[in-house]
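K.L.:
Have a look at the structure that comes next, please.
The values are calculated or read from the model by the stated rules, or taken from the named source; none is laboratory data. Please read all numbers here as calculations on a predicted model, not as lab measurements. Quick reminder, even Gly has a Cβ in these numbers, built from the backbone with ideal geometry, and neighbours come from all protein chains shown.
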Ligand code: GLU
């Protein structure tokens, strides 16, 4: 029997701000996972949001990842995939699944039903509204896609239960914004398929979107990759670290890359004590069973990362 082709993995930071410690931790785990299995690793710069994405953030993220000692086999800019995004919208329109919807964030809030991703669910009330005569390209309203009803249960290698009926739990997702930008849920499935990604390692904050992504993969006839969602670093008030928190630049924190790498590795459970190391050092003994599944609340004091389990 021919050996199975190597996995294709990707790390996909949004270029909405500088990398922070959460970004670097996610990148380190993704890199260790990919390199430990001899996979091809892509870096995809998620740069579709014209209001928030900036080329200088993309550059600084690339610099920070390289500074930490990570490498990858190819860099993809999401905006270069516009023809694939358009083809996907054509495909969805041909199935009659696309519809314009003007519901705002405030409207969803007024509907009052919490969604598993922490936002508010949409109740699919505009389903069936026709596209304008000129088709989806002519729409001045955001476009949503009517998801197939039913439960989607993509597997999570770390044992998270990702089962959900996304058409009810979150409602039909926006796939094209009012300003014409392609929305994350559509872009991510199209881009992963275009790059033949077989394995996705990412933070647990995105786990509630996975069933939506599996439903879109089904509608578009795309394969569903394997998933693993890992722990998050949280800030003291319990929120996910944001771009403004704990920017990792050695210059900012006054650290060398091996010092920071060791602190991050300790924080996720890969080292019993923080000690200087490179990502390549960690690769020798990397194993997911050594990575804690528990989110960590982190703060930075006296030149050291402090971490406590979020549920402790
Ligand atoms: N761009 C997303 C982020 O920075 C990640 C998307 C994904 O991994 O699917 O959180």
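K.L.:
Which residues, taken from segment 147-161, are closer than 30 Å to residue 53 by Cα and crowded, with 20+ Cβ neighbours inside 10 Å? Outline the logic, then answer.
P.N.:
Of segment 147-161, the ones closer than 30 Å to residue 53 by Cα are 147, 154, 156.
Selection gives 147, 154.
K.L.:
What do you reckon, is residue 222 surrounded by 17 or more Cβ atoms within 10 Å (Cβ to Cβ), modelled with pLDDT of 90 or more and either out of contact with any helix residue (DSSP H, G or I) (no Cβ under 9 Å at 6 or more places or on another chain) or outside any loop (DSSP other than H, G, I, E, B) (or both)?
P.N.:
Taking the combined requirement at face value, the residue does not satisfy it.
K.L.:
Of the residues 19, 58, which single one is surrounded by 23 or more Cβ atoms within 10 Å (Cβ to Cβ) and within 14 Å of the ligand (Cβ to nearest atom)?
P.N.:
19
Every residue, every condition in (1) crowded, with 19+ Cβ neighbours inside 10 Å; (2) farther than 30 Å from residue 37 by Cβ; (3) touching a residue at least 60 places away in the same chain (Cβ under 8 Å), yes or no:
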{"site": "91", "(1), (2), (3)": "no, yes, yes"}
{"site": "110", "(1), (2), (3)": "no, yes, no"}
{"site": "145", "(1), (2), (3)": "yes, yes, yes"}
{"site": "201", "(1), (2), (3)": "yes, no, yes"}
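K.L.:
I would also like to ask the following. Restricting attention to segment 186-211, and to residues there that are touching a helix residue (DSSP H, G or I) at 6+ places or on another chain (Cβ under 7 Å) and more than 11 Å from the ligand (Cβ to nearest atom), which single residue is nearest to residue 40 (Cα to Cα)?
P.N.:
Top of the filtered list is 194.
K.L.:
Consider residue 233 against the criteria (1) within 12 Å of the ligand (Cβ to nearest atom); (2) farther than 20 Å from residue 77 by Cα: it satisfies all of them except one. Which criterion is unmet?
P.N.:
Result: residue 233 fails condition (1) only.
K.L.:
Which residues, taken from segment 6-16, are near the ligand (Cβ under 9 Å from one of its atoms) and in a strand (DSSP E or B)?
P.N.:
Of everything in segment 6-16, those that are near the ligand (Cβ under 9 Å from one of its atoms) and in a strand (DSSP E or B) turn out to be 10, 11, 14.
K.L.:
Would you call residue 3 surrounded by fewer than 18 Cβ atoms within 10 Å (Cβ to Cβ), touching a residue at least 60 places away in the same chain (Cβ under 8 Å) and assigned to a loop (DSSP other than H, G, I, E, B)?
P.N.:
No.
K.L.:
Going residue by residue through segment 297-305, is there one that turns out to be under 18 Å from residue 27 (Cα atoms), surrounded by 15 or more Cβ atoms within 10 Å (Cβ to Cβ) and modelled with pLDDT of 95 or more?
P.N.:
no
K.L.:
Here is a follow-up. Condition (residue is closer than 27 Å to residue 276 by Cα, within 16 Å of the ligand (Cβ to nearest atom), outside any helix (DSSP H, G or I) and within 14 Å of the chain's Cα centre (by Cα)) applied to segment 63-74: is it met by at least one residue?
P.N.:
Among the residues of segment 63-74, not one is closer than 27 Å to residue 276 by Cα, within 16 Å of the ligand (Cβ to nearest atom), outside any helix (DSSP H, G or I) and within 14 Å of the chain's Cα centre (by Cα), which makes the answer no.
Let's see how each residue does on (1) surrounded by fewer than 21 Cβ atoms within 10 Å (Cβ to Cβ); (2) closer than 18 Å to residue 151 by Cβ:
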{"position": "172", "(1), (2)": "no, yes"}
{"position": "177", "(1), (2)": "yes, no"}
{"position": "181", "(1), (2)": "yes, no"}
{"position": "193", "(1), (2)": "yes, no"}
{"position": "197", "(1), (2)": "no, no"}
{"position": "205", "(1), (2)": "yes, no"}
{"position": "213", "(1), (2)": "no, yes"}
{"position": "216", "(1), (2)": "no, yes"}
